[in-house]
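Sharing a structure, written as structure tokens. Questions coming.
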Amino acid sequence: MFEFAHTEYLWFLWVVPLMLAVFLAVRYNRKSAIRKFGDPGLLALLMPLASSRRHVFKFLLFLFALVFIILSLAGPRFGSRLEEVKREGIEIIIALDVSNSMLAEDIRPNRLEGSKMAVSRLAGNLRNDRIGLIVFAGDAYVQVPITTDYGAFRMILDNVSTDIVPVQGTAIGRAIEMAMRSFTGESSASKVLVIISDGEDHEDDPVKAAALAREDGITIHTIGMGRPEGAPIPAGGRGESQFLTDQDGNTVITRLDEATLREIASAGGGLYIRAGASGAGLDIIMDEIGEMEKAGFGELQYTEFEERFQYMAAIALLLLLLDFFIPERKNKWLSSISLFKENQK
């Protein structure tokens with residue numbers, strides 16, 4: 001596996017075509033000036049030791065040396081082998097409600113965006129644990145399988161919206177069943193499911209599903225997003241002045257169903273936390289998770305990267321030495337064996 005350790009230095013390669021363009025422009029202007037000064041053939045006889053080819057060759061040597069210097073600074077390296085790396089941690093799956101009711105703004109900027117920001121902070125603080133993401137509304141879907149690639153997890157999380165699940169509703173039970181199938185079966189690591197939802201309009205039996213998950217060794221925590229008094233749902237998304245209405249034209253009010261979320265957490269052997277203004281309550285749950293027993297697991301990855309910048313630096317040094325020792329003018333004593341001998345008339 002090949003990669004650059006510091007890809008930001010590769011942006012300096014834009015200097016190379018810029019320098020080449022400047023060199024060609026200067027060379028063109030120089031030739032134009034010589035033509036105005038006199039006949040080029042006559043001037044060549046008057047300056048027998050001058051060599052335009054050497055000037056071009058020395059510039060190309062310098063240009064290629066600059067390219068290899070930039071490549072050296074970028075830190076080229078090869079992964080020597082693929083091997084199993086041992087880690088110790090737990091497995092966490094986040095089940096995130098993406099139904100339309102999560103657009104309510106009783107939590108700023110809204111329930112869904114507040115949840116995403118809290119989960120993103122959680123992923124940024126993980127080290128050896130595995131994490132996965134399930135989104136659900138009227139149905140449940142795996143968005144990120146169990147992984148230790150926290151960067152990819154956060155990137156996918158950023159793109160989660162209420163449009164990602166075509167069927168509306170709040171099928172928490174299906175999300176729990178999906179999570180039970182998504183945990184690594186052969187791993188002995190502790191398994192935790194964190195459900196983030198307003199708990200409203202559940203279409204199945206989430207409490208029964210939570211009890212079955214608990215029997216399977218999965219601890220379930222729930223986080224309630226919203227307030228019991230409720231809030232209207234923006235019709236066009238966050239920031240819109242219009243709200244969803246029912247068939248009679250009345251504004252739909254979505255309320256936090258704390259009772260259901262408490263029952264789910266109780267059946268799953270976990271905690272229920274209501275999200276506050278300062279966050280979604282994940283910090284409290286993560287403190288609880290931190291006390292759980294961790295287990296070792298392995299994953300394949302490239303290790304022992306071997307640095308190869310020294311080869312690029314050596315080539316750059318060689319080119320610069322050649323540029324230094326090759327004179328711009330011909331040597332009258334070595335002109336008979338010069339590699340740059342020009343035909344003279």
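The values are calculated or read from the model by the stated rules, or taken from the named source; none is laboratory data. Computed from a prediction, not measured in an experiment: that's the story for all the values here. As a convention, Cβ positions derive from the backbone with ideal geometry for all residues, glycine included, and neighbour counts pool all protein chains shown.
What number of residues within the stretch 103-133 satisfy the criterion of being surrounded by fewer than 23 Cβ atoms within 10 Å (Cβ to Cβ) and part of a strand (DSSP E or B)?
1
Of (1) assigned by TED's automatic domain parsing to the domain that holds L320; (2) modelled with pLDDT of 95 or more, G132 satisfies all except one. Which?
Only one criterion is unmet by G132, namely (1).
Working carefully through the options P228, P232, find the one that is surrounded by fewer than 14 Cβ atoms within 10 Å (Cβ to Cβ), over 24 Å from S120 (Cα atoms), of a type outside the set (S, T, N, Q) and modelled with pLDDT of 85 or more.
On the way: P232 fails: surrounded by fewer than 14 Cβ atoms within 10 Å (Cβ to Cβ).
After applying the criteria, what remains is P228.
Right, next: Is one or more of the residues making up the stretch 158-180 under 19 Å from M117 (Cα atoms), in contact (Cβ under 8 Å) with a residue 60 or more places away in the chain and of a type in the set (A, V, I, L, M, F, W, C)? Working first, answer last.
Let us first name the residues in the stretch 158-180 that are under 19 Å from M117 (Cα atoms), namely 158-164.
Next, only the ones that are in contact (Cβ under 8 Å) with a residue 60 or more places away in the chain stay: 160-162, 164.
Filter once more, keeping what is of a type in the set (A, V, I, L, M, F, W, C): 160, 164.
Scanning the stretch 158-180 turns up at least one residue that is under 19 Å from M117 (Cα atoms), in contact (Cβ under 8 Å) with a residue 60 or more places away in the chain and of a type in the set (A, V, I, L, M, F, W, C).
For G151, indicate whether it is assigned to a helix (DSSP H, G or I), of a type outside the set (F, W, Y) and under 15 Å from D204 (Cα atoms).
Numbers: assigned to a helix (DSSP H, G or I): yes; of a type outside the set (F, W, Y): yes; under 15 Å from D204 (Cα atoms): no.
Answer is no for this residue.
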